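All remarks here apply to the structure that follows.
Rule-based calculations on the coordinates, nothing more; no lab input. If you're wondering where the values come from, they're calculated on a predicted model, not measured in any experiment.
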Amino acid sequence: MAKKIVQIGDPILEQKCDKVDPKDPKIQKLIDELIDACKEKEDITAGLSAPQVGEKLRICICRRTDLEEKSQDPLPAEILWEVLINPTVKSSSKKTSTYWEGCLSIGEGPEGLYGPVARPEEVEVEFQTRTGAKKTLLCNGFFSHVVQHELDHLEGVLFLKYISDPDTIWKGKELDKYYSKHQEYPPV
């Protein structure tokens, strides 16, 4: 059974997370639980972080949307869900891009909130894998946004912080209605 997703207003979502030892059996169990939660909500999520399930730990799971775009077949779970432990951004581009973002911790489904977020188009992230090995990942486009969104959770930051105009925040049901009519997201 997947862990319950913590919702906006819970203080853990506003706290910086602590580094962990990837080889700790408790950490391995938590990673499995995060992956299970992502699989359970696979049709609506691009990632999940430990604070979103009530754990103040530097772990997040990011959906490899970049690999999905290139593959004609569904990706196996061990490739689809990238596990980032103790991640840090090593570099980021000056060029930005804007994508619509939502968050499982800011409602879900028709009542969930979404908004356009500008972030660096490209980031280089260093992290540890489940085995403790160091890995570097160059992230571009939407995948870059996914990674930055999840890393923000580890710093106690929600995507709404980046939206200066409240009129650009939409409920899921409104955004779905717009998209089905226009086959694209509202302009930003």
Seminar exercise, completed: antiparallel share of DSSP beta bridges within the stretch 11-182, to nearest 5, in %, is 95
For this session: Relative to the longest principal axis of the C-alpha atoms of the chain, give the angle of the C-alpha long axis of helix 141-154, reported between 0 and 90° and rounded to the nearest 10°.
Result: 60
Problem set entry | GNM top mover of SER93, SER105, SER49 - the chain, alpha-carbon springs below 10 Å | SER93
Seminar exercise, completed: Given pairs LYS39/LYS95; LYS29/LYS135; LYS39/LYS171; LYS135/LYS171; LYS95/LYS161; LYS19/LYS134 and cut-off 25 Å on Cα-Cα distance, the over-length ones are LYS39/LYS95; LYS135/LYS171
Problem set entry | J(HN,Hα) series, the stretch 89-96, from Karplus relation 6.51 cos²θ - 1.76 cosθ + 1.60, nearest Hz, glycine and proline x | 7, 8, 7, 9, 6, 6, 5, 10
Problem set entry | Along each principal axis, Cα extent of the stretch 35-81, largest first, Å | 36, 18, 15
